[in-house]
1. How many residues does segment 5-34 hold that are out of contact with any helix residue (DSSP H, G or I) (no Cβ under 9 Å at 6 or more places or on another chain) and closer than 15 Å to Arg103 by Cα?
2. Would you call Pro214 within 16 Å of the ligand (Cβ to nearest atom), surrounded by fewer than 16 Cβ atoms within 10 Å (Cβ to Cβ) and either at pLDDT 95 or above or more than 17 Å from Leu137 (Cβ to Cβ) (or both)?
3. Could you list, in sequence order, all residues of segment 1-26 that are in a helix (DSSP H, G or I), in contact (Cβ under 8 Å) with a residue 12 or more places away in the chain and more than 22 Å from the chain's Cα centre (by Cα)?
4. Starting from segment 125-136, keep only residues that are more than 16 Å from Asn46 (Cα to Cα), then list their pairs with residues that are open to solvent by less than 30 Å² (accessible area, probe 1.4 Å) and not in a helix (DSSP H, G or I) whose Cβ atoms are within a distance under 8 Å, requiring at least 6 positions of separation or different chains.
5. State yes or no: is His86 without any contact (Cβ under 8 Å) to a residue 60 or more places away in the chain and surrounded by 16 or more Cβ atoms within 10 Å (Cβ to Cβ)?
6. What helices (runs of 4 or more DSSP H) completely inside segment 27-141 contain at least 3 residues that are over 30 Å from Gly210 (Cβ atoms), within 9 Å of the ligand (Cβ to nearest atom) and of a type in the set (Phe, Trp, Tyr)?
7. State all residues of segment 189-206 that are open to solvent by less than 50 Å² (accessible area, probe 1.4 Å) and touching a helix residue (DSSP H, G or I) at 6+ places or on another chain (Cβ under 9 Å); if no residue qualifies, say none.
8. Restricting attention to segment 173-182, does a residue exist that is touching a residue at least 60 places away in the same chain (Cβ under 8 Å), farther than 29 Å from His107 by Cα and either open to solvent by less than 30 Å² (accessible area, probe 1.4 Å) or within 15 Å of the ligand (Cβ to nearest atom) (or both)?
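The values are calculated or read from the model by the stated rules, or taken from the named source; none is laboratory data. Remember, predicted model here, so these are calculated numbers, not experimental data. FYI the Cβ positions are ideal-geometry reconstructions off the backbone, even for glycines, and counts take in every protein chain you see. Surface accessibility is based on the protein's heavy atoms, side chains included, excluding ligands, DNA and RNA. Shrake-Rupley method; radii C 1.70, N 1.55, O 1.52, S 1.80 Å.
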Amino acid sequence: MAARLASWLDERLGWRRVWETIFLRKVPKVNWLYTLGSASLFVAVNQIVTGILLTIYYVPTPDHAYDSVQYITTQVPAGWLIRGLHHWGASAMVVLTALHMLRVLLHGAYKYPREVTWFTGVGLLLLVLGFGFTGYLLPWDQKAFWATTVGTRIAGVAPLIGEAILRVMRGGAELSAVTLARFFGAHIWILPGGLLTLLAIHLYLVIRIGITAPPSRED
Ligand code: HEM
């Protein structure tokens with residue numbers, strides 16, 4: 001019955017071809033360093049799932065942000081776990097993505113024909129850092145407030161355009177409710193939109209071109 005349904009669907013959707021292309025493709029004999037990209041992907045999925053769950057209780061206003069995070073941590077069933085996974089996942093994401101990039105660099109895997117894979121990767125790394133920066137403000141505690149005050153000030157000292165960047169980031173001269181709303185919007189809409197777009201291109205290219213074999217002495 002299940003086999004017939006699968007064949008019926010395959011005739012109409014061609015899903016077997018898609019499955020074979022993604023999961024049954026040939027890969028060269030590689031080592032553990034080649035799992036860093038997949039590990040980054042795994043943590044990215046963790047961030048998306050736990051992040052969506054956090055938005056159910058999190059309130060992005062100065063009056064309620066801090067309390068809502070405390071509520072999630074102490075009152076919501078498994079809230080501490082969801083928040084913990086998101087919190088530590090954020091650091092893991094930066095470390096794994098940077099190590100993945102280092103692996104690609106050391107193996108020379110950015111060369112022809114994988115330049116676009118590399119460029120989309122650079123974009124992904126910047127987005128991951130953007131997630132860290134915007135997410136840090138959301139608990140709206142002393143550490144978050146002052147870290148973002150310093151972070152935006154650093155952008156503010158850039159020559160010529162610094163002051164404008166600072167104002168766009170803060171939504172005014174000082175940190176306020178506008179800043180929190182802005183960072184929240186970037187954290188849950190703008191950055192994820194960019195991440196999913198670049199990730200789709202990145203993974204399409206990894207599958208289309210195939211991954212490099214580890215360089216040998218003869219190369
Ligand atoms: C969200 C972050 C990222 C995810 C989820 C991700 C995911 C992946 C995956 C699953 C692979 C195939 C397996 C592997 O080679 O490890 C891969 C390959 C690759 N990635 Fe990434 N990546 C990310 C960031 C980056 C960054 C920051 C760079 C470099 C700037 C980069 C450049 C590449 C290149 C050039 C390949 C092809 C490697 C080869 O053919 O050997 N990626 N990526």
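1. Residues meeting the conditions: 3.
2. yes
3. Listed by number, the list holds a single entry, Thr21.
4. Listed pairs, sorted by first residue: none to list.
5. Numbers: without any contact (Cβ under 8 Å) to a residue 60 or more places away in the chain: yes; surrounded by 16 or more Cβ atoms within 10 Å (Cβ to Cβ): yes.
In short, yes.
6. Hits in segment 27-141: none.
7. Within segment 189-206, Leu191, Pro192, Gly194, Leu195, Leu198, Leu199, His202, Leu205, Val206 qualify.
8. Yes: segment 173-182 contains one or more residues that are touching a residue at least 60 places away in the same chain (Cβ under 8 Å), farther than 29 Å from His107 by Cα and either open to solvent by less than 30 Å² (accessible area, probe 1.4 Å) or within 15 Å of the ligand (Cβ to nearest atom) (or both).
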